[in-house]
Amino acid sequence: MRRLMGLGVSALAVALAACSPQPRPVPEQPIAYNHQVHVQGEEMECTRCHLGAETQEQAGLPPMTVCAGCHRRQGADIPAVQAFMELYDGGQGEPLAWRKVNVMPESAMVHFKHKPHARAGVGCETCHGDIGSMTVAEQVLNVANMGWCVECHRQENASIDCLTCHH
């Protein structure tokens, strides 16, 4: 009985940790991609780089050829662009190993899908914050905070049936 109770307490601790109000630390990225320069300076939409955010479950990232296409002509004097082009030219087309900033922990047992949120008109900034003003993308919202999600679903008259998100 004690062992069963101990397992229950451990499971509760894991569940509470997954729902803590603190966002994760910012992961180190392969290059210093500056969202502010691209979004505010170049007026790029999120979906120009995050392909599939409106049409697929995952937002995705562009192939390096898309970035290189612009940066062969622009920003050749910027150290971050030079570092990117060195990786691109020397990597034989290997993709960059970007690390996810907004990660849904497996303990949350949620399969988040971008497509239905985009279809419903939910803007990227609703969950991701004002990425356009960030030099380095960071998680501003604890994506495992079910209370926040449920409140948003209620305000937007979206389903709060458990199976909507937990499947």
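The values are calculated or read from the model by the stated rules, or taken from the named source; none is laboratory data. Owing to the predicted nature of the structure, the values given are computational and were not obtained by experimental measurement. Because the Cβ atoms are built from the backbone with ideal geometry, glycine has one as well, and the counts that use them run over all protein chains shown.
In the range 41-79, which residues are loosely packed, with under 14 Cβ neighbours inside 10 Å and touching a residue at least 60 places away in the same chain (Cβ under 8 Å)?
Thr55
Every residue in the range 129-138 that is surrounded by 15 or more Cβ atoms within 10 Å (Cβ to Cβ), closer than 17 Å to Ala53 by Cα and either touching a residue at least 40 places away in the same chain (Cβ under 8 Å) or charged (D, E, K, R) (or both), please.
Matches in the range 129-138: Ile131, Gly132, Ala137.
Results for (1) within 24 Å of Lys115 (Cα to Cα); (2) modelled with pLDDT under 85; (3) polar (S, T, N, Q), shown as yes or no for each residue.
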| site | (1), (2), (3) |
| --- | --- |
| Glu45 | yes, no, no |
| Pro62 | yes, yes, no |
| Arg72 | no, no, no |
| Ala83 | no, no, no |
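Give me the pairs: first residue in the range 150-167 and farther than 16 Å from Arg119 by Cα, second residue of a type in the set (D, E, K, R) and loosely packed, with under 12 Cβ neighbours inside 10 Å, beta-carbon distance under 7 Å, and six or more apart or on different chains, which are they?
Once the first residue is farther than 16 Å from Arg119 by Cα and sits in the range 150-167, its partners that are of a type in the set (D, E, K, R) and loosely packed, with under 12 Cβ neighbours inside 10 Å give Ile160/Arg154.
Would you point out the residue of the range 103-119, among those that are within 14 Å of the chain's Cα centre (by Cα) and part of a loop (DSSP other than H, G, I, E, B), that is surrounded by the fewest Cβ atoms within 10 Å (Cβ to Cβ)?
Checked the range 103-119; the qualifying residue surrounded by the fewest Cβ atoms within 10 Å (Cβ to Cβ) is His111.
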